[in-house]
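Here's the structure we're looking at; comments come further down.
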Amino acid sequence: MSQSAFAIETRNLRKVFGDKVAVSNLTLSVERGEVFGFLGPNGAGKTTSVKMLLNLVFPSGGEGYLFGQPLNDPSIRSRVGFLPEHFRFHDWLRGDEFLQLHADLYRLPRLQARRRIGELLELVGLTAHASKKLREYSKGMLQRIGLAQALLNQPELVILDEPTSGLDPVGRRLVRDIIRDLRQRGVAVFINSHLLSEVEITCDRVAFIKHGEVIRVSLL
Amino acid sequence: MNSITIAKLTFREAARRKILLAALLLGMLFLVIYGLGYHFIILDVTEGFGEERKFMINQVSNFLLMAGMYVVNMLTAMMTVLTSVDTLSGEIQSGAIQTVVAKPVRRWEIVAGKWLGFAAMLTLYLLFMGGGVMAIVYFRSNYTAPHPLQALALMWLNAAILLSISLLGGASLSTLANGVLVFGLFGVAFIGGWIEQIGAFMPDPATNQTAMNIGVITSLIMPSEALWKRAAFEIQSPLLTAIGDTPFTARYYPSDVMILYSVIYLLVVFVLSIRRFSQRDL
């Protein structure tokens, strides 16, 4: 296991799509155990940055590391949980089957996975809906089960892309409580958001991003 | 192994979306209609011929077996393409692939898993349909084609090539464009094969040679029709082989080199699909 002090570290990370620069120069570091906000207006390059951290999008330049390991090392993602913006899924699966699939992808042992799935369904308030197909879930319920799949592997870093999108006030409160609990357990949380109020409530530090570049990092 | 997890997911999706059920029910309908038709034709042959009855039954059985297998080959190809055409492009477009790729999974494992899942499905379908046609003929007339397993293996290879092209297209194109690509290639091979076959009847040697060249070139672009013609050759009776012309086979059947080319073609397309998916942004 890497001894890097940082959960996330990027240097001059850049992404260009054709002639459009989505991320021009992303240099930031997120310490282990801190809740880090990534704030910026729509179109600032936030989601592209998150996708580069998870190897969904390949950088055009620069370098990046998770726990000291390069972004393109798939094994490092066993220590990471991810909730994408506009969460989509295999909607013909039942809630518990969906979580089992993702537990299998994390290669969790069967018994451990079963116990963890039960705990997480309880945590996100979906135990009663575990045997329903995902296509029957409301938008808020989908966001909750998405959050549950991001926590299956008891990650050391959780990346949340607009985590409260589609949630009602109770759901938002639940997300905040989960983030608080993760912080207490020493888990680093990287929150991508365009809502200043949300970042202010939950984060230790915040980076402001504009035109694909960090313009300021502040303590909160 | 993550590929097995993805393969199971692919198979389960087909079952859950009732694709397997629809294929099974329509396949059974096809076999019932084929069986009834075959039964009454053989009944007529049995009553109409004297000492040559057994010979006629065998010839008619062989012809009808080839006709049945021709349809099975087409249906297997269609089912393979229609079920797999949006598996990558659809999940890329919807974003469902993101939470999968963000796991400790290598991208090649996703493509390989999907390939395995669909390959298992098409294998079962081909065994059910092709085996069903052969079983009907055997149990009704006690007739067995010369090389049935070789024929089934070649038909499987044809479907596996279509599956690999479908995955390569799905890693690069939208679902609709991918469908156009795969069916377009299938159509090119189909028409090339028929031009070759019809050209073989032309009295002018130059026309004959041109038609053969068109057939060879289209087989190199897409070997599906060549594989069917070789599969048909494997099950046709010695008499039809001696005559040399049937509606299902060419006068000059594709060689072992063509089969080897098809296997290499399959491997190259499969590797390209992995490479394409591994290099693209999601």
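Things worth noting here:
- Of all accessible heavy-atom area on the protein assembly as shown, the percent that carbon and sulfur account for (1.4 Å): 63
- Occluded residues from the range A:42-64, i.e. those whose accessible area drops by 30 Å² or more once the chain is not alone (1.4 Å probe): A:51, A:56, A:58
- Based on Cα contacts under 8 Å between residues 6+ apart, chain B shows a relative contact order of 25 percent.
- Heavy-atom accessible area, 1.4 Å probe, ligands and nucleic acids excluded: residues of the range B:262-282 down by at least 20 Å² from chain alone: B:281, B:282
- Solvent exposure of the range A:128-180 as accessible area per residue, Å², 1.4 Å probe: 40
- Assuming charge only on the beta carbon of Lys and Arg (+1) and of Asp and Glu (-1), the dipole of chain A about its Cα centre is about 280 debye to the nearest 20.
- Förster-model FRET efficiency, 25 Å R0, residue A:201 and residue A:4, C-beta, rounded to 0.05: 0.30
- Mean projected area (nm²) of the alpha-carbon convex hull when the range B:17-102 is viewed from all directions: 7.2
- A straight chain from residue A:12 to residue A:177 at 0.36 nm per residue would run longer than the Cα-Cα distance by 56.1 nm.
- Within 10 Å of each Cβ in B:16-23, the average number of Cβ atoms from other chains: 1
- Neighbour net charge for residue B:158 - beta-carbon separation under 14 angstrom, K R +1, D E -1: 0
- Considering only A:50, A:199, A:170, the Gaussian network model of chain A with Cα springs below 10 Å gives its largest mean-square fluctuation to A:170.
- Taken per residue, the accessible surface of chain B reaches 44 Å², heavy atoms only and a 1.4 Å probe.
- Of all the options B:13, B:91, B:47, the one that moves most in a Gaussian network model of chain B with Cα springs shorter than 10 angstrom is B:47.
- Applying 1/(1 + (r/R0)^6) with R0 = 41 Å to the Cβ-Cβ distance of residue A:114 and residue B:55 gives a FRET efficiency near 0.05.
- Calculated accessible area for the range A:67-117 comes out at 40 Å² per residue, all protein chains present (probe 1.4 Å; ligands, DNA, RNA ignored).
- Computed over chain A: relative contact order in percent, which uses C-alpha pairs under 8 Å that are six or more apart: 31
- Across the protein assembly as shown, Cα-Cα pairs more than 40 Å apart make up 37 percent of the total.
- Result for chain B in a Gaussian network model with C-alpha springs under 10 Å: among B:201, B:30, B:11, the largest mean-square fluctuation is at B:201.
- Partner lysines for residue B:18 [C-alpha distance under 23 Å; skip if fewer than 8 residues away on the same chain]: A:132, A:133, B:8, B:114
- In this structure, residue B:82 and residue A:91 have a Cβ-Cβ separation that, at R0 = 22 Å, corresponds to a calculated FRET efficiency of about 0.65.
- Within a straight-line Cα-Cα reach of under 16 Å, residue B:54 can be paired with the following aspartates and glutamates, leaving aside sequence neighbours fewer than 8 residues apart in one chain: B:44.
- Chains A and B together bury some 2700 Å² of accessible area, summed over both sides, with a 1.4 Å probe.
- Virtual spin-label span in nm between residue A:78 and residue B:39, 7 Å along Cα→Cβ: 5.8
- Rounded to the nearest 20 debye, dipole of chain B from Cβ charges on Lys, Arg, Asp, Glu: 1160
- Remark on the range B:88-105: accessible area falls by at least 40 square angstrom from chain-alone to full-complex state for B:96, B:98, B:99, B:102, B:103, B:104, probe 1.4 angstrom.
- Taking 0.36 nm per residue of sequence separation and removing the Cα-Cα distance, the residue B:252/residue B:25 pair yields an extension gain of 78.0 nm.
- Kirkwood Rh in Å, taken over all unlike Cα pairs in the range A:47-118: 14.1
- Around residue B:106: net Lys/Arg minus Asp/Glu count, Cβ-Cβ under 13 Å: +3
The values are calculated or read from the model by the stated rules, or taken from the named source; none is laboratory data. All values derive from a computational prediction rather than experimental measurement. No Cβ is skipped: glycine too gets one built from the backbone with ideal geometry, and neighbour counts run over all protein chains shown. Surface areas here come from the heavy atoms of the whole protein model, side chains and all, with no ligands, DNA or RNA. Shrake-Rupley method; radii C 1.70, N 1.55, O 1.52, S 1.80 Å.
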